[in-house]
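The values are calculated or read from the model by the stated rules, or taken from the named source; none is laboratory data. This structure is a prediction, so every number in the text was calculated from the model and none was measured. Here Cβ is always computed from backbone atoms with ideal geometry, including for glycine, and neighbour counts include all displayed protein chains. Ligands, DNA and RNA are stripped out before the accessible areas are found, and what is left, the full protein with its side chains, is counted by its heavy atoms. Shrake-Rupley method; radii C 1.70, N 1.55, O 1.52, S 1.80 Å.
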Amino acid sequence: MQSLAKLCRVSRRWIIAVALAGALVLAGIIVVPRILSDRRSTPSAAPSGSATATAAVALGSVVPAPASVTPASGATYTLASGAEIRAPDSAGSVAEYLAGLLRPSTGYALPVRLTSDPSPDGGIALRLSSDGGAPEGGYRLDIGVDGVVIEARTAEGLFHGVQTLRQLFPPTVESRTVQSGPWTLPGGRITDEPRFAYRGAMLDVARHFFAVDDVRAYIDLLAMYKINYLHLHLSDDQGWRIAIDGWPRLTAHGGSTEVGGGPGGSYTKEQYRQIVAYAQSRYITIVPEIDMPGHTNAALASYGELNCDGKAPGLYTGMQVGFSALCPSKDVTYDFVDDVLGELAALTPGPYLHIGGDEVQKLSDGEYAAFMNRVQKIVTSKGKTVMGWHQLAAAEPSPDRVLEYWAPRVQADDAFDTTFQAAVREGARVVMAPADHTYLDMKYNAQSPLGLNWAGNVEVQAAYDWDPAAHLIGVDPKAVIGVEAPLWTETVRTLDDLEYLAFPRLPALAEVAWSPKSTHNWNAFRQRLGAQRPRWTVLGINFYNSPQLP
Ligand code: TNX
């Protein structure tokens, strides 16, 4: 626990220290700590003859890389103006989604025909079957001269197949205005399934608030790369962003500002439901986070009784962390947590409630663990599964809980690692979000106009070139259920800003989470990722044009 406290305390000092440490690591001077085994290969030269942006799309060019790709040499399929999209009733919404993607740029009518046994007949058929050609969440895509078939066990699998199909059309398919074809696809078969069940992104709507439309737009970008969880960081020192009936000042006062003193904002329950429903329509599960006991100044400012001295502090619009905590010795604190988590559980169909638990400097280790033990029980009493940042390892086990490991390599700590390893042995599952690989708010390089750099700069290769299952030594790889890409928003104010930090690192992390390890190859990946840029241009995504991509 001493080491945990250390983990919590040092993070800001690193903003300065890590730049130096990063340089030493690069120079090979610092030995990689015991829990971390980051076997990054030395980058080799780019292969010659890399594909140009305008060349016809190849079957093997998809991001994330599919599990298996078998091109049919010479065979192609061309979508015709009279084509139909056919699907069974239960996949009708996926068929409509596909039609909605293809209609604006092709200008074709592409009627959706619902039928129990769809065949392509020159168009596109979505088929559900009990074997589906691939496991749960996976799909099989067959492109032949006479039509396209996507087959899966579930509508979710079909949706992922649709994302693959979308990338096989020329980039102009992403246009919202009619473009000239031909709309030709490469022939062959793709059989695909995800490596990890949890493929997450996190959006911090507390440091800067993002309205429902921005969140919807971000969800659409996540869906393109088969991400299936969106963790919303709904509260922090600078803002409380979700309406709670019994505690109206949380949003009225606690939601009224943000980093830098802007107007902030918050979601009504109806708006939160809209986000949940939109995410569901893209097969994405929302994971709401109320960070506690620290990162709570907005709540403490709204209700004096949550403070040990009974006095409400002022609102906070700076960027420090660790200074706030709910009062762990007052009954009202737990009444408050019970109300908040109860209302959030009722609004959230997904299995997880994320309770934060990071960077608490104001409480003793004992106070922290006792508080988190009580809060974990409140989560399970609401029928939900606990998720928390990795410091939560110091609290007692909770059924199936998920710990989100965020420490960058230079922050690893032997004593804390022992606590973490023990928590995993006692049943905790792990989502990997090490800051030096997955934090989308880290700068790409010293010149990046946005972002922080306390965990070092994170270029595209750092986001891609690591193995979530092998990253932690002493942790059973089977306990690792996935990967998350957090986007903290201290420096991020607009959707354009979000896009700049997410692209191209988000697709890189999506590939780490989806694709089998056997496909992992930086040089091949950077070719495929680079070839996505024309698509991002057509979509109007404000991406960072990384020099690491050909
Ligand atoms: C650390 S890592 C935080 C956040 C900050 C972020 C900025 C973790 C669980 N907490 O409070 O926003 O760094 O990069």
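Data table
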read-out: Neighbourhood charge, 9 Å Cβ-Cβ cut-off, centred on Glu484 and excluding it, Lys, Arg +1 and Asp, Glu -1; value: 0
read-out: Hull-based mean projected area of the range 317-459, where the convex hull spans the alpha carbons, in square nanometres; value: 10.0 nm²
read-out: On Cα atoms only, tilt of 269-281 relative to the major axis of the chain in degrees; value: 40 degrees
read-out: Probe 1.4 Å, protein heavy atoms only - accessible area per residue of the range 143-243 in square angstrom; value: 24 Å²
read-out: Sequence of Arg505, Arg282 when ordered by accessible area, the most exposed leading, probe 1.4 angstrom; value: Arg282, Arg505
read-out: Label-point gap, in nm, between Ala109 and Ser81 - each point 7 angstrom along Cα→Cβ; value: 1.2 nm
read-out: Extended-chain gain in nm, criterion 0.36 nm per residue less alpha-carbon gap, Val212 and Ser116; value: 31.0 nm
read-out: Spread of Cα-to-Cα distances over 5 Å intervals beginning at zero, given as percent, for the range 112-161; value: 6, 25, 31, 24, 13, 2
read-out: 20 °C / 1.002 mPa s Stokes-Einstein diffusion coefficient of the range 85-212, Kirkwood radius on C-alpha pairs, µm²/s; value: 137 µm²/s
read-out: Spatial separation of Cα centroids for the range 500-550 and the range 338-358, in angstrom; value: 33 Å
read-out: Förster-model FRET efficiency, 25 Å R0, Cys308 and Thr268, C-beta, rounded to 0.05; value: 0.20
read-out: Helix axis angle, 212-224 relative to the chain longest principal axis, alpha carbon, degrees; value: 50 degrees
read-out: Under 5 Å, built H, 5+ apart or other chain: amide partners of Tyr303; value: none
read-out: Cubic angstrom per residue, convex hull over Cα atoms of the range 254-339; value: 118 Å³
read-out: Share of alpha-carbon pairs per 20 Å distance bin for the chain, given as whole %; value: 22, 54, 23, 1
read-out: Largest to smallest accessible area among Met202, Met319 [probe 1.4 Å]; value: Met319, Met202
read-out: Cα lying deepest toward the dipole's positive end in the chain, options Phe210, Leu79, Tyr97, charges on Cβ; value: Leu79
read-out: Computed over the chain: relative contact order in percent, which uses C-alpha pairs under 8 Å that are six or more apart; value: 18 percent
read-out: Taking the C-alpha atoms of the range 79-138, convex hull volume expressed per residue in Å³; value: 90 Å³
read-out: Most to least accessible of Cys327, Cys308 (protein chains only, probe 1.4 Å); value: Cys308, Cys327
read-out: Rg over Rh [alpha-carbon atoms, Kirkwood Rh] for the range 477-550; value: 1.01
read-out: The range 196-324 - convex hull of the alpha-carbon atoms, volume per residue in Å³; value: 109 Å³
read-out: Total charge dipole magnitude, the range 407-482, about the Cα centre, Cβ charges on Lys, Arg, Asp, Glu only, Debye to nearest 20; value: 140 debye
read-out: Mean shadow area of the range 412-550, taken as a quarter of the surface of its Cα convex hull (nm²); value: 9.1 nm²
read-out: Whole-Hz couplings from phi, Karplus 6.51/-1.76/1.60, listed for the range 418-426; x for Gly and Pro; value: 4, 4, 5, 4, 5, 4, 5, 4, 7
read-out: Size of charge dipole - the range 66-132 - debye, nearest 20, with Cβ of Lys, Arg +1 and Asp, Glu -1, no other charges; value: 160 debye
read-out: Ratio Rg/Rh, restricted to the range 305-375 and using Cα atoms, in which Rh is the Kirkwood radius; value: 0.98
read-out: Computed [θ] at 222 nm, deg cm²/dmol, the chain (DSSP H ≥ 4; -39,500 (n - 2.57); rounded to nearest 500); value: -9500 deg cm²/dmol
read-out: Whichever lysines have a C-alpha closer than 23 Å to that of Lys517, once near sequence neighbours (fewer than 8 apart) are set aside; value: Lys226, Lys478
read-out: Counting DSSP beta bridges with both ends in the range 198-352, the antiparallel % (nearest 5); value: 15 percent
read-out: Cβ-based net charge around Met442, under 10 Å, with every Lys or Arg adding one and every Asp or Glu removing one; value: -1
read-out: Charge dipole (debye, nearest 20) of the chain; +1 at Cβ of Lys and Arg, -1 at Cβ of Asp and Glu; value: 900 debye
read-out: Sorted largest first, extent of the range 126-274 alpha carbons per principal axis (Å); value: 61, 38, 24
read-out: Exposure of Leu102 as accessible area (Å², to 10), given a probe of 1.4 Å and all protein chains; value: 0 Å²
